[in-house]
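Below is one structure, written out as structure tokens, with a few remarks after it.
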Amino acid sequence: MKIFWNRTLHRFCSTKYFSTHATESISKYPRRIFSGIQPTGAIHLGNYLGAIAQWVKLQNEGENIILSIADLHSMTLPHDPKKLRTNILEMTATLLGCGIDPTKTVLFQQSTVPEHTQISWCLGCICTMPRLSHLPQYKEKSKDLKDIPLGLFIYPVLQAADILTYKATHVPVGEDQVQQIQLSQELARMFNSRFGDTFPIPHAIITGSEYARLRSLRDPAKKMSKSDPDPKSRICITDKPEDIVRNIKKAVTDFTSQVTFDPEERPGVSNLISIHSFVTNEPVDKICRDVQNFNTGQYKLIVADAVVEYLRPIQERISHYLSDERHLLEVLKNGQEEASEISSKHWEEVQHKLGLKFKIRKQEKIKTHG
Ligand code: TYM
């Protein structure tokens, strides 16, 4: 109850809560933001700058946000159940440590709300196989597999269900998720045109600039990724200071020693400038002016120091939350209850639209009551 009132008050006081968007099929639905993250080990700076920092900002502006720890998505490749359990709790502690406040944002574990898989099945019945086989993430993740799990193939349908289950209007994500959001839009349109207007068409919110696709430190042509086998390709939010310094020192740049921002021609050094700009909250051109007398080798140490300092309080908060498992489970339980309140209402509507549920006529009701 306390959480409900805090959240209501927080939204009421916010001007953004009343904002509207004149985009397709959105205006008649209340603005609602949904996003998710897989609990597959420590998050890296790409996840943080591309998604989590955005969630925290939107939350603190008073937006209506629902966040899912997408445990079902993380089972689409072989997984260890014990590790998954640990990862779910670690992800909860990490999100809290990064500033997600469960009195303002609904934070829950995907598999505890059955409507996701129920609506996913319904969407799977209108989605075609060729459409899924063309998605780049599927191609990328399945290319080295001899036997491709069905779950990996239908992963984006479950993601669409995550979003549509809450009638979300906006989805803040990094650039790599854009195609999945486009599929969610298509499925919403298909469902609406076959069964009547039910879902808003969800729109991706992508952070500006380079943060939407932070690059690997070892190969700036690739995005920073959890699945990169080389741990030196990324900075994880819980990395020790010495590892952060080592990885940034080893970051691949180019043969020009000056520090200039040019993401097309100089992606490596520009990636470092983007990170530096984020953690210091300084504009890119000011940074470039300030460090004009340093070479890239010296500049890497400045970036590393700034990142270590930025992450220090976040790491302290994560350790604090990790020490209280009961609190983490309580946060997830409350989140599940709040998410279920919305999802069960929408699932009932979907069941009616699809002919899965019978309407009880008034007369029959009277009869049964004698
Ligand atoms: P996941 O867990 O891979 O990543 C979580 C978020 O981090 C963003 N991200 C990046 N942003 C910038 N630069 C990078 N290098 C980078 N790497 C990752 C991702 O874009 C994402 O926003 N399928 C999703 C989880 C999910 C979801 C959803 C998202 C499940 N259901 C519904 C939105 C809506 C995923 O695997 O994210």
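Each value in this text was obtained by applying a stated rule to the coordinates, not by laboratory testing. Computed from a predicted structure; not experimentally measured. We place every Cβ from the backbone using ideal geometry, glycine too, and count neighbours over all the protein chains shown.
Using only alpha carbon pairs under 8 Å that are at least six residues apart, calculate the relative contact order of the range 166-244 and give it in whole percent. Write out the running numbers ahead of the final one.
Working: 84 pairs, mean separation 21.0, N = 79.
This gives 27 percent for the range 166-244.
Per residue of the chain, what 222 nm ellipticity follows from adding -39500 (n - 2.57) for every DSSP H run with n ≥ 4, rounded to the nearest 500?
Details: 14 runs with 186 residues, N = 370.
Estimated from H runs of four or more residues: -16000 deg cm²/dmol.
Fewest first, what order do ILE65, ILE235, ILE244 take by the number of other Cβ atoms within 10 Å?
Listing ILE65, ILE235, ILE244 from fewest to most nearby Cβ atoms yields ILE244, ILE65, ILE235.
Lysines within cross-link reach of LYS286: Cα-Cα under 17 Å, excluding same-chain residues under 8 positions apart?
Cross-link targets: LYS300.
How would you rank MET91, MET129, MET190, going from fewest to most other Cβ atoms within 10 Å of each one's own Cβ? List each step's numbers first, then the result.
Values: MET91 24, MET129 9, MET190 15.
Taking fewest neighbouring Cβ atoms as first place, the list is MET129, MET190, MET91.
With the chain treated as a Gaussian network of Cα nodes joined by springs under 10 Å, which of PRO102, PRO30, PRO229 yields the largest mean-square fluctuation?
PRO229
Nearest 5 is fine: what % of DSSP beta bridges in the chain come out antiparallel, could you say?
The antiparallel proportion sits near 15 percent.
Output the pairs from LYS104/LYS167; LYS57/LYS82; LYS57/LYS223 with a Cα-Cα distance over 21 Å in this structure; if there are none, say none.
Violating the 21 Å limit, Cα to Cα: LYS57/LYS82; LYS57/LYS223.
Would you mind checking which residues have amide H under 5 Å from SER216's amide H? H placed 1.01 Å from N; only 5 or more apart, or other chain.
LYS222, LYS223, MET224
Could you check which residue among PHE191, PHE199, PHE294 shows the biggest mean-square fluctuation in a GNM of the chain with a 10 Å Cα cutoff?
Per the Cα network of the chain with a 10 Å cutoff, PHE294 tops the list.
Over the range 297-344, what per residue volume does the convex hull of the Cα atoms give, in whole Å³?
102
For the chain, take the longest principal axis of its alpha carbons; what is the angle in degrees between that and the long axis of helix 81-97, to the nearest 10 within 0 to 90?
Helix 81-97 sits at roughly 70 degrees to that axis.
Where does each of LYS353, LYS286, LYS146 land when they are ranked from fewest to most other beta-carbon atoms within 10 angstrom? Spell out each step's value before the answer.
Values: LYS353 17, LYS286 11, LYS146 4.
Starting with the residue having the fewest Cβ neighbours, the order is LYS146, LYS286, LYS353.
In nm², what is the average projected area of the convex hull enclosing the Cα atoms of the chain?
22.3
Going by alpha carbons, how many degrees (0 to 90, nearest 10) lie between the helix axis of 178-195 and the longest principal axis of the chain?
Its long axis makes an angle of about 10 degrees.
In a GNM of the chain with a 10 Å cut-off on Cα contacts, which of ALA221, ALA251, ALA168 has the highest mean-square fluctuation?
It is ALA221.
Just need log10 I(q)/I(0) for the range 149-255 at q = 0.15, 0.18, 0.20 Å⁻¹, Debye formula, equal scatterers on the alpha-carbon atoms, no solvent, rounded to two decimals.
Normalising to I(0) and taking log10 leaves -0.77, -0.93, -1.02.
Quick check on the range 50-118: what does the Kirkwood estimate of hydrodynamic radius come out to from the alpha carbon pairs, in Å? List each step's numbers first, then the result.
Details: mean 1/r = 0.0767 Å⁻¹.
In the range 50-118 this quantity evaluates to 13.0 Å.
Farthest toward the dipole's positive end in the chain, which of VAL331, THR94, SER27, given Cβ charges of +1 (Lys, Arg) and -1 (Asp, Glu) about the Cα centre?
SER27
From the backbone phi of the range 111-119, what are the Karplus-calculated ³J(HN,Hα) couplings (6.51 cos²θ - 1.76 cosθ + 1.60, θ = phi - 60°) in whole Hz, Gly and Pro given as x?
5, 7, 10, x, 4, 4, 6, 5, 6
Measure nothing fancy, just the Cα-based angle from helix 296-322's long axis to the longest principal axis of the chain, in degrees from 0 to 90, nearest 10.
40
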